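The values are calculated or read from the model by the stated rules, or taken from the named source; none is laboratory data. Remember, predicted model here, so these are calculated numbers, not experimental data. For neighbour counting, all protein chains shown are included, and Cβ atoms are generated from backbone atoms with ideal geometry for every residue, glycine included. To get the accessible areas, we keep the full protein, side chains included, count just its heavy atoms, and leave off ligands, DNA and RNA. Shrake-Rupley method; radii C 1.70, N 1.55, O 1.52, S 1.80 Å.
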Number of protein chains: 2
Amino acid sequence: MKRKEDALAFRRAGREDRPVLARLVREYYAFDGLPFDAAATRAALRELLAHPEWGGAWLIASGGRTAGYVVLTPCFSLEFGREVFIDELYLRPAFRGGGLGRAALDFAARWAGHNGVAAIHVVTERNNPAARRFYRRGGFGGAHRYFMTRRLDA
Amino acid sequence: MKRKEDALAFRRAGREDRPVLARLVREYYAFDGLPFDAAATRAALRELLAHPEWGGAWLIASGGRTAGYVVLTPCFSLEFGREVFIDELYLRPAFRGGGLGRAALDFAARWAGHNGVAAIHVVTERNNPAARRFYRRGGFGGAHRYFMTRRLDA
């Protein structure tokens, strides 16, 4: 029998979780070599948590400890209809390799299904083949499409 | 002096425009070699036109003739905040090479700016370098990120 502390839990973050989320985002960006702007991240988290219709953030706990987070954002396309992006998914290094990543993908799929969504997208960095392998094992195909961005404020 | 018929116009599509949009989507997918499902496209157009909060479709007219269409859909990410996807952009072959594509990108940027958005994204097919060049000239960077999809209904 599993002890309660071993349980895996996804808890939707509220405004009071902003500090722990900001800390996790910082860890994630450092791990991925992405530039981290603390003020911009705080502002984006404030916006996201204030607008549930734009998506949500979930804290992932394992054995009662904070293991990571996932951010899911809904969108729409003519090709797929209602869709969901795994905007960010991060597991602290100590919590990897034990199936938590796959459980997070299953959680995202369930959440999308409950919201009538038929497709989940994720954007991976070209220099991160491990992430692509992870998502491929999780049922994600493609990677024959490029994601391009124009910043209007740059 | 430009004659009125030469003018370029972007008109937000309403429900009554569904037939012409469906025709243009079919032309676009045929041009791009994408599978076209008429019933699915009609359903997606119905959804989009009924939910302006999910985005919109605009008919592009040049000299009073239908030149193409563009679909813009808002989304949110922690990295960029509020953002907009150029979900689909199509110009009929007879209307290419005259700056209409660039004008459509500028239109998308203005619409995004009016909506407080700081980044526009577009997804291009790996086997379509011409599209990537077009978007690069239009100020889109990246293409170092892969766009992956998991269909939940497959």
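Of note, B:LEU34 does not satisfy the criterion of being within 25 Å of B:PRO129 (Cα to Cα) and at pLDDT 95 or above.
Among the residues of segment B:89-112, those that are in contact with a strand residue (DSSP E or B) (Cβ under 7 Å, 6 or more places away or on another chain) and farther than 19 Å from B:GLY139 by Cβ comprise B:TYR90, B:ARG92, B:PHE95.
From the residues in segment B:19-29 that are free of Cβ contacts under 8 Å to residues at least 24 places away in the same chain and farther than 16 Å from B:THR124 by Cα, which one is least open to solvent (accessible area, probe 1.4 Å)?
Looking at residues that are free of Cβ contacts under 8 Å to residues at least 24 places away in the same chain and farther than 16 Å from B:THR124 by Cα, I get B:ALA22.
Counting residues in segment B:4-11 that are at pLDDT 95 or above and among the aromatic types (Phe, Trp, Tyr) gives one or more. Remark: pairs (first residue in segment A:132-143, open to solvent by less than 30 Å² (accessible area, probe 1.4 Å); second residue charged (D, E, K, R); Cβ separation under 6 Å; 6+ apart in sequence or on different chains) = A:PHE140/B:ARG150; A:ALA143/A:ARG132.
Within segment A:66-77, the residues that satisfy the criterion of being touching a Leu at 6+ places or on another chain (Cβ under 7 Å) and open to solvent by less than 10 Å² (accessible area, probe 1.4 Å) are A:ALA67, A:GLY68, A:TYR69, A:VAL70, A:VAL71, A:PHE76. Residues of segment A:44-64 include at least one that is over 20 Å from A:ALA131 (Cβ atoms), open to solvent by 60 Å² or more (accessible area, probe 1.4 Å) and small (Gly, Ala, Ser). Scanning segment A:1-38 for residues that are among the small types (Gly, Ala, Ser) and assigned to a loop (DSSP other than H, G, I, E, B) yields A:ALA7, A:ALA13, A:GLY14, A:GLY33. Looking across segment A:105-154, the residues that are closer than 16 Å to A:LEU91 by Cα and touching a Ser or Thr at 6+ places or on another chain (Cβ under 6 Å) come down to A:ALA131, A:ARG132.
Which residue out of A:GLY64, A:GLY68, A:GLY56, A:GLY81 is over 15 Å from the mean Cα position of the chain (by Cα) and over 30 Å from B:TYR69 (Cα atoms)?
A:GLY64
Apart from one condition, B:VAL84 fits all of (1) open to solvent by 10 Å² or more (accessible area, probe 1.4 Å); (2) in contact with a Cys (Cβ under 8 Å, 6 or more places away or on another chain); the exception is (1). Only residues that are free of Cβ contacts under 8 Å to residues at least 40 places away in the same chain and open to solvent by less than 20 Å² (accessible area, probe 1.4 Å) were counted in segment A:97-118, giving 4.
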